[in-house]
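The values are calculated or read from the model by the stated rules, or taken from the named source; none is laboratory data. These figures come from a predicted structure and were not determined experimentally. Ideal geometry is used to build each Cβ from the backbone, glycine not excepted, and the neighbour counts take in all protein chains shown. Accessible surface areas use protein heavy atoms only, side chains included; no ligands, DNA or RNA. Shrake-Rupley method; radii C 1.70, N 1.55, O 1.52, S 1.80 Å.
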Amino acid sequence: MSDLYWLTEEQMARLSPYFPKSHGKPRVDDRRVLSGIIFVNRNGLRWRDAPREYGPHKTLYNRWKRWGAMGVFGRMMEGLSAQRAEPQTLMIDATYLKAHRTASSLGVKKGNLGRLIGRTKGGMNTKLHAITDANGRPLSFFITAGQISDYTGAAALLDDLPKAQWMLADRGYDAEWFRDALEQKGIKPCIPGRKSRSIPVKYDKRRYKRRNRIEIMFGRLKDWRRVATRYDRCPTVFFSALALAATVLFWL
């Protein structure tokens, strides 16, 4: 198949430092297996439908589950973004991701934190909260149920913010506590005020226009069918799909 995806040798060299060490029997071809995992995630396929060029589909699935549980894909995104990010200006926003019935069916086991899927006017959704650098490349993610406020995601992402000069956000993040938290970190908020404010908030309108880059980032992530539509019940597995898509699209 001419449209198969293959990682280059240069890309593998960037990713290999984040691979776990092989114990006992050596792993099969990392490039082939990881390329197959990317192909399945990008096209939203069942694992059994993976092209035979990538090897047995059980090998792809087992590697995906094992590395996802170990947090390998998240470390790939975090490590590469730390090396290449331009965090002088940060951006924050959130978007909805449609949950497929296979992700939202069946009851949740006792003691489980839940699937982070909620019911909104648009149906069953997961909300993705993201922080990006000045070029709209993702630095960190946080996922919640669809009906959860943007403020919850903002509060969760505050502790992991890198040193920066500016934070761009839409008026949905216009809250005094959020502005104060940013200023305590030495970050200047560039956030328009809500229309309900009696006193308008001044902000740099020219700088604010750059915020469209985070919208473009969300659009590119949703080109991956396994991200745009959530098929996985487990939030950890779904987060691995997000981290892998972000790594391939923005950091390789």
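Between A228 and N62, full extension at 0.36 nm per residue minus the direct alpha carbon distance yields a gain of 57.5 nm. Against the longest alpha carbon principal axis of the chain, how many degrees, from 0 to 90 and to the nearest 10, is the axis of helix 212-221 turned? Orientation of helix 212-221: about 20 degrees from the principal axis.
If the elastic network links every pair of Cα atoms under 10 Å, which of L128, L139, L15 fluctuates the most in the Gaussian network model of the chain? Between L128, L139, L15, it is L15 that shows the largest mean-square fluctuation.
Note on the range 47-148: Cα Rg divided by 2.2 N^0.38 Å, N the number of residues, gives 1.33. Comparing the range 12-95 with the 2.2 N^0.38 Å rule of thumb, its C-alpha radius of gyration ratio is 1.28 (two decimals). List, in the order given, every pair from K98/K121; K25/K65; K188/K209; K98/K222 whose Cα-Cα distance in the structure shown is over 20 Å. Table pairs above 20 Å Cα-Cα: there are none. The modelled label-to-label distance between K205 and M12, using points 7 Å beyond Cα along the C-beta direction, is 5.3 nm.
Compute the length gained on full extension between E183 and A156: take 0.36 nm times their separation in residues and subtract their Cα-Cα distance, giving the result in nm to one decimal.
On the way: separation 27, 0.36 × 27 = 9.72 nm, distance 1.66 nm.
That pair, E183 and A156, stretches by 8.1 nm at full extension.
Taking only alpha carbon atoms, the chain gives an Rg to Rh ratio of 1.00, where Rh is the Kirkwood radius. Angle between the Cα long axis of helix 30-43 and the longest principal axis of the chain, 0 to 90 degrees, nearest 10? Roughly 60 degrees between the two axes. Which of W177, W47, W166 moves the most in a Gaussian network model of the chain with Cα springs under 10 Å? Sorting by GNM fluctuation, first place goes to W177.
Accessible surface of the chain, 1.4 Å probe: 50 percent of it comes from carbon and sulfur atoms.
Computed over the chain, relative contact order equals 23 percent, with contacts defined as Cα pairs under 8 Å that lie 6+ residues apart. Which residue, S16, S104, S81, tops the fluctuation ranking in a GNM of the chain built on C-alpha contacts under 10 Å? Highest fluctuation of the listed residues: S16. Note on the range 150-233: along the principal axes its Cα atoms extend 44, 26, 25 Å, ordered by decreasing extent.
Accessible area per residue for the chain is 54 Å², calculated with a 1.4 Å probe on protein heavy atoms, without ligands, DNA or RNA.
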